[in-house]
Amino acid sequence: MRFVLRFFGFLFSVGAIAFLLGSGAAAFFYWKYSRDLPDHAALANYEPPITTRVHAADGSLLAEYARERRLFLPIQAIPKLVVGAYLSAEDKNFYKHAGVDPEGIVRAALNNFKAGTKQGASTITQQVAKNFLLSNEQTFERKIREALIALRIEAAYSKDKILELYLNEIFLGTLVPGRNVHGVAAAALEYFGKSVHELTIAEVAYLAALPKGPNLYHPYKHPQEAIRRRNEIIGLMAQNGYISREDAEVARRQPLAVNPRNVSPSLSAAGYFAEEVRRDLSDRFGEKALYEGGLSVRASLDPKMQAIARKALVDGLVRFDEAQGWRGAQSNINLASREWGLALAEVRALNDIQPWRLAVVLDVSGGQARIGLQPKREAGGQVERDRELGVVPADGVRWTRRGISQALQVGDIVYVEPLADKPGQYRLRQLPELSGAIVAMDPYTGRIHAMVGGFSFDQSQFNRATQAQRQPGSSFKPFVYATALDNGYTPSTILLDEPITIDPGNGQEAWTPSNFEGRATGPHTLRYGVEHSKNLMTVRLARDVGMPLVVEYARRFGIYDDLLPVLPMSLGAGETTVLRMVTAYSMLVNGGKRIKATLIDRIQDRTGATIYRHDERECIGCAAEQWANQDEPKLIDKREQVLDPLTAYQMVSILEGVVQRGTAARLKAIVNKPIAGKTGTTNDAKDLWFVGFSPDLAVGVYIGYDTPRSMGDSAQASQYAAPIFGDFMKVALADKPATPFRVPPGIKLIRVSVGSGMRAGGEGGGTLLEAFKPGTAPPDSYTPAPPREGAGENVQAVGPATGGVY
């Protein structure tokens, strides 16, 4: 008996020693590997990088900016089906273990032993520890540190919080090159074009397959492996009770059916607008906030108006370019050495000039050319096997003024456009050398509805609406005349259209401006000088009111920051942008109120808090929670008045006359609604402009070469720029009533003679209703106004003899 007791005592002693040694060893290992562990408390304040999204005014998605494409969803908003799929695929015991799953470790070890493969046993908590706090190195030490952090995370956070971190952070592959997808919400959109709430069983199971190997289960590179793993997860979901076995069987029979989200149709026509928004956001908040901050941006873009603007500009540029003749094919390929579809697929095509397509000429005979259209690429990058053919008939090359065989050769790569109502037939096209811009704006708020900065954003990202500094030519003249009207002149004031020579002195060469038509026509009303764009009258008027005053008004309107006070600048010789000119014209039609042009209505941060709003008006009484017989809410407009409202209307009326009787008379029949504006043609026709407005929409058009050169001796803004304005306005205002321009209180409308500006007795031809301010009236005699005292030509420098002529 004593022996037995001694034996058990010995065993107890050995066991105690072993326990102490084991505990000591465990303590040592814990001390060793827990040193310098990352602080898991950082997860409490973790804000994952989230995609910034820009929406147009109608709510459609315009653009997204992100380094990691992610949309954050709180765990409460993630469907149970999605949760069940990921738990089945990654960690079925998630809600049972304390961060490390012993059962999973044993199961993985047995499977590895039986199959001879390597299967991981990391829990979701361990994956959170690795993804957020550790590196991806495959070492024993990293695995121990991962387990230790997982235990700490489990002690500090709820299971739902850990799962929320995981489902929003996990990397789920790259379906489209350059677009790395993180989190289930972004993956649902990227792979299936759906929200997570719309996903089917088969779709959530496929997304749950991706964490193990996004490339291994890539839907295009490894479709069979992807389906096998998806079906395996569907089985696990049924086994774990998340779906029925009947639903599982149906889901297994489904095809993979990946349907990548297409580029927003708004974006294809609005590349310049979206890039301008991106630059604005970057300037305001920095690159980190732009690409990681999850900003929600509501832009002012009207997608329908944007499409109208783009078509009007493109049609105008092509109209001019085709008048210059056919310059030849883009390039030529040898059809004998390679299948034409594969060869053509490698040629870069512009993706934002639909419906134009790139094509190769396969045969020229019988008065037509047989063409092969560029094959489309599938989402995985492979070239489609189907080949699409068509023909270019003789009518399709008529504009080249050449026959088919003279215009096209076998192997030529060209752009073509489908002929309306003629399936399979195409018209030959060429990329215009000329470029330009168009901007459409709400004149009362400065909200930009449309902006096109060139023929193709895919071809050139240089925005000619905001970045191109060009001479506005005669489209600047209204601000010279507005200066005069605001300082004592009337629309009926008589000015001389006679030759004038300015001698600057100091040995400088004298400057003698001239009218576009090369002749002077004698005395005329101030209105006539604008309507017919008379250079001589404008220079005389600028001399009389004084160029320093003109410069001040140009600054007020935001056209120039620091214009030289020299007379040639009165003809638009200074350089500015389309956006500045449209903003300035907006201040004429809105009654002289200062506005700030904007592409953005509102910006919200990731929490939904508004951090920017364009509308700065103060609303008195809008915060009332209920009605208690208080005064109605009032909007307080504190914007600066840059021009007398009466002067502004006088200028609007005169610019309406430009369309009724002047240099833009061709627009009257095109639009057939109240519009106003001014042409602008610079010396040698290097820049052509038209800037104008309806009562509620301001629009500016510019066309010219990027490296300025003449568009031809006969080129005029009325011929090329004004029709673009007209084409846009005709469609943009099609469903709008013919609203007349608003007459402000205080204006007197008096019928006068168009020719003399004197009071007219009846309403017959040759008369109009002229706008006069209180205390002014039509002149009693047809005599030119004397120069203002102290505003003589001796105070003017001449400067370079350039600027607007028509």
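Worth pointing out:
- Screening residue 668 with (1) open to solvent by less than 40 Å² (accessible area, probe 1.4 Å); (2) of a type in the set (D, E, K, R); (3) free of Cβ contacts under 8 Å to residues at least 12 places away in the same chain gives one miss only, at (1).
- Residue 216 meets all of the listed conditions (1) touching a helix residue (DSSP H, G or I) at 6+ places or on another chain (Cβ under 7 Å); (2) of a type outside the set (Phe, Trp, Tyr); (3) part of a helix (DSSP H, G or I) but one, namely (3).
- In segment 523-541, the residues that are more than 17 Å from residue 653 (Cβ to Cβ) and outside any loop (DSSP other than H, G, I, E, B): 523, 535, 536, 537, 538, 539, 540, 541
- Qualifying positions in segment 328-379 - open to solvent by less than 40 Å² (accessible area, probe 1.4 Å), in a strand (DSSP E or B) and small (Gly, Ala, Ser): 359, 369, 372
- Verdict on residue 129 being surrounded by fewer than 19 Cβ atoms within 10 Å (Cβ to Cβ), modelled with pLDDT of 65 or more and aliphatic (A, V, I, L, M): no
- Sole residue being buried (at least 22 other Cβ atoms within 10 Å of the Cβ) and among the charged types (D, E, K, R), chosen from 517, 498, 531, 509: 531
- Counting residues in segment 170-183 that are among the charged types (D, E, K, R), modelled with pLDDT under 90 and more than 16 Å from residue 90 (Cα to Cα) gives one or more.
- The test for being at pLDDT below 95 and not hydrophobic (A, V, I, L, M, F, W, C) holds for residue 514.
- Qualifying residues in segment 51-85 (those that are out of contact with any Pro (no Cβ under 9 Å at 6 or more places or on another chain) and at pLDDT below 90) - the one surrounded by the most Cβ atoms within 10 Å (Cβ to Cβ): 69
- Test for residue 187: is it buried (at least 17 other Cβ atoms within 10 Å of the Cβ), within 30 Å of residue 607 (Cβ to Cβ), in contact with a Phe, Trp or Tyr (Cβ under 7 Å, 6 or more places away or on another chain) and small (Gly, Ala, Ser): no
- Restricting attention to segment 202-225, the residues that are open to solvent by 10 Å² or more (accessible area, probe 1.4 Å) and in contact with a strand residue (DSSP E or B) (Cβ under 9 Å, 6 or more places away or on another chain) total 2.
- Here residue 462 meets the list (1) farther than 27 Å from residue 62 by Cα; (2) open to solvent by 20 Å² or more (accessible area, probe 1.4 Å); (3) assigned to a loop (DSSP other than H, G, I, E, B) almost entirely, failing just condition (1).
- Top-ranked residue in segment 723-754 [being open to solvent by 40 Å² or more (accessible area, probe 1.4 Å) and free of Cβ contacts under 8 Å to residues at least 40 places away in the same chain; ranked as nearest to residue 783 (Cα to Cα)]: 751
- So residue 207, is it closer than 21 Å to residue 69 by Cα, assigned to a helix (DSSP H, G or I) and modelled with pLDDT of 95 or more: yes
The values are calculated or read from the model by the stated rules, or taken from the named source; none is laboratory data. Everything quoted here is computed from the prediction, not taken from an experiment. Note that we place each Cβ from the backbone using ideal geometry, even for glycine, and neighbour counts take in every protein chain shown. All accessible areas refer to the heavy atoms of the entire protein, side chains included, with ligands and DNA or RNA removed. Shrake-Rupley method; radii C 1.70, N 1.55, O 1.52, S 1.80 Å.
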